[in-house]
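Structure, as structure tokens:
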Amino acid sequence: MYRTYSMELAGRTLTVEIGRMAEQANGAAIIRYGGTTLLVTATASEKPRDGIDFFPLSIDYEERLYAVGKIPGGFIKREGRPSERAILTSRLIDRPIRPLFPDDYRNDVSVVATVMSVEQDYSPEVAAMIGASLVLAISDIPFMGPTGSSNVGLVDGKLIVNPDALEREASKLYLTVSSTHDKVMMIEAGADEVSDSIMMEGIMLAHKENQKIVAFINEIVAKEGKPKHSYEQSGVPSEIYEKITSIITDTRMEVAVFTDIKQERQERLAALKEEVVEKITASHLEEEAAEILKYLGDAVYKFEKATVRRMILKEHKRPDGRKLNELRKLSAEIDVIPRVHGSALFSRGQTQVLTVTTLASMGEVQRIDGLDFSEESKRYMHHYNFPSYSVGEARPSRGPGRREIGHGALAEKALIPVLPTEEEFPYAIRLVSEVVSSNGSTSQGSVCASSLSLMAAGVPIKAPVAGISVGLVTGDDGEYVLLTDIQGIEDFFGDMDFKVAGTKNGITAIQLDMKVDGLTEEIIRNSIEDTRISRGIILDEVMNKCIDTHKSDISDYAPKIAMVVIDPEKMAEVIGARGKVIKRIIEESGVDKIDTEDDGRIFVSHADRSKVQRAVDIINAIVHIPEAGSVFTGKVTRVLNFGAFVEIAPEKEGLVHISQLAHERVAKVEDVVNIGDVIEVKVMEIDEQGRINLSRKAVLPKPPRENK
């Protein structure tokens, strides 16, 4: 028999079923939140993986389209590679739980959250995060949790825990927080320029809710939890560590690591390693020396980390000599790449990010086939690339990994609140951030470069956005040091990477990564304040001096796009049978593309504005009943004895009587116009039968009076 446990989460019931499925996993549970149902499992290998110096944790959030009654598209008709949303959710699950495993645990651990049904008001992401923590907590895997996770929205000025679908649609904030029983482990937020105070209130509200979830999981663990299994501890034996570090010494390690040039640091450390190899080889038998030197890399890394942390924490000395709250040297340029629609290069120390903007017709929006019915397409796409040369390595590119997708999504989230609406700017927008040099904080560098690139492309954003990262080093006695604008070595050896992006008016995105057991309210509050000050400096001193508002027009190489809104019932008249009419509009106007939407929106694109306007005029002529006095450019379709018929729009024509062809008397229609001629005409009247009477004479200049 399976066991069932329930709690009230944000006014709705969360139910856990244990012992019903997947009993061969180390831990498994069915999580039900409303109609949303997931199977979450955790498994671990019996032995550690050989030859690695990291914890091999894998998280898979698996979307099944049957969960929302869909059959996958394409020929294969089954789910393929995970969607971007699934990858981002996997990262959300990973980040709060990874720091809660032992530092020296090297067994493979796999957590799989399979989404089996979705009720749109009940977030499967939150259920998956809770489920992952729960199954690890009840398993025999050495996990020092549990954690709880909640979403917070902001609707009409009110903070709401786990908002439903309608509330999410109206919310100015989408905040996800994970916590242990006393500290915050992870923060992820997208916000519409939300103030620091509201953001803090939302974080602490979620933290309070998370503590209830942690208590609920602990109650289940007390009844269902298995004893944690023992494992082979890894790491450098203490006697070998002392032997290696005594050769290097504290003073020489300080000299080696404290420089602002990454390559110089690497060269100094390499020289120290060579010296250790020489001395160990000279003073030990070959077999004994080999046993010591197999730990050399780990020992030097551990010693380097301890040295950096000690100097920062005790002496407030950073590797590159900056003050704790000092930014690295910043610079910004725009229009660095010719012929693209917009480009910008943002540099922060040795970190450089080049972002290129591409504008396209709305037919180029990304279609999304996922579990969320509210997200069926993306008009704005942000892609982030991290090539090996950016860190001085030689390895082939294998496409974007989860980290690249996560960083691109963070920058995308940071800029969405300042983008113009489709009505204001009817373009699909793609940004590509190329990290050309990396020494920490590339994701926030991409936010700055992207804001500049958008303005350089003429996109009328509401305000420029800047991003900054704050690091942390903690001590055993509760003391801590915050580090503004962390570089690579401070990220590697520090305890957090707290990324915040925003405008002068407020926060647009947050991403917190932790390496320790959480943050107190004081550290979070101080970190957010630090980023607010730093964003202001970046905007005022660097970005706004480069470009402080969008260009007045888009690039000559970008398509010019106009949007026409018509009655949806008249869309068939514009498209025509088998697209006959819309093809004629494209042919007659010379535009590249016309995209239509079911809601009555039509998007016309071409590099030449006059051609775009011609297509717009034709569309308007089709869908609007001509009024007396309107002027059209049309083609002569028929010539009769009494006049000529002129098509003023596809499938819509009127008669120019022979008396209306010219000011002078016309004896024969063909003396003035012939079939195929394009002429300008004016609507004189529309009779009771709907027939359109036109005049060419009315738009011709009047002849000068003859002298009497």
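Report whether or not residue 348 is in contact with a helix residue (DSSP H, G or I) (Cβ under 7 Å, 6 or more places away or on another chain), within 22 Å of residue 512 (Cα to Cα), touching a residue at least 12 places away in the same chain (Cβ under 8 Å) and open to solvent by less than 10 Å² (accessible area, probe 1.4 Å). So that I can check it myself, show each step before the final result.
Working: in contact with a helix residue (DSSP H, G or I) (Cβ under 7 Å, 6 or more places away or on another chain): yes; within 22 Å of residue 512 (Cα to Cα): yes; touching a residue at least 12 places away in the same chain (Cβ under 8 Å): yes; open to solvent by less than 10 Å² (accessible area, probe 1.4 Å): yes.
So residue 348 passes the test.
Residue by residue, here is whether (1) modelled with pLDDT of 90 or more; (2) among the hydrophobic types (A, V, I, L, M, F, W, C); (3) more than 30 Å from residue 379 (Cα to Cα); (4) crowded, with 19+ Cβ neighbours inside 10 Å holds:
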| residue | (1), (2), (3), (4) |
| --- | --- |
| 577 | yes, yes, no, no |
| 582 | yes, yes, no, yes |
| 589 | yes, no, no, yes |
| 619 | yes, yes, no, yes |
| 629 | yes, no, yes, no |
| 644 | yes, yes, yes, yes |
| 656 | yes, yes, yes, yes |
| 661 | yes, yes, yes, yes |
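Looking only at segment 432-448, decide whether some residue is among the hydroxyl-bearing types (Ser, Thr, Tyr), outside any loop (DSSP other than H, G, I, E, B) and out of contact with any Phe, Trp or Tyr (no Cβ under 8 Å at 6 or more places or on another chain). Yes, that holds for at least one residue. Per this entry, residue 212 is not counted among residues that are touching an Asp or Glu at 6+ places or on another chain (Cβ under 9 Å), loosely packed, with under 14 Cβ neighbours inside 10 Å and of a type in the set (D, E, K, R).
Has segment 169-187 got at least one residue that is aliphatic (A, V, I, L, M), assigned to a strand (DSSP E or B) and farther than 19 Å from residue 413 by Cα? Yes. Within segment 597-608, residues that are within 13 Å of residue 423 (Cα to Cα) have Cβ atoms under 7 Å from residues that are part of a strand (DSSP E or B) and polar (S, T, N, Q) in these pairs: 602/596, counting only partners at least 6 apart in sequence or on another chain. Restricting attention to segment 174-195, the residues being open to solvent by 30 Å² or more (accessible area, probe 1.4 Å) and touching a residue at least 40 places away in the same chain (Cβ under 8 Å) number 5. Just one residue in the set 226, 279 is open to solvent by 50 Å² or more (accessible area, probe 1.4 Å), touching a helix residue (DSSP H, G or I) at 6+ places or on another chain (Cβ under 8 Å) and under 30 Å from residue 43 (Cβ atoms); that residue is 226. Pairs under 9 Å by beta carbon, first residue exposed (fewer than 13 other Cβ atoms within 10 Å of the Cβ) in segment 316-329, partner polar (S, T, N, Q), six or more apart or different chains? Filtered contacts from segment 316-329: 321/259; 323/484; 329/347.
Inside segment 521-557, can you point out the residues that are under 30 Å from residue 180 (Cβ atoms) and acidic (Asp, Glu)?
Scanning segment 521-557 gives 521, 522, 529, 530.
The strands (runs of 3 or more DSSP E) falling completely within segment 463-549 that include 2 or more residues that are aliphatic (A, V, I, L, M) and surrounded by fewer than 21 Cβ atoms within 10 Å (Cβ to Cβ) map to 480-484.
The values are calculated or read from the model by the stated rules, or taken from the named source; none is laboratory data. Fair warning: this is a prediction, and the values are worked out from it, not measured in the lab. Cβ atoms come from the backbone with ideal geometry, glycine included; neighbour counts cover every protein chain shown. Quick note on the areas: whole protein, heavy atoms, side chains included, nothing else; ligands and nucleic acids left out. Shrake-Rupley method; radii C 1.70, N 1.55, O 1.52, S 1.80 Å.
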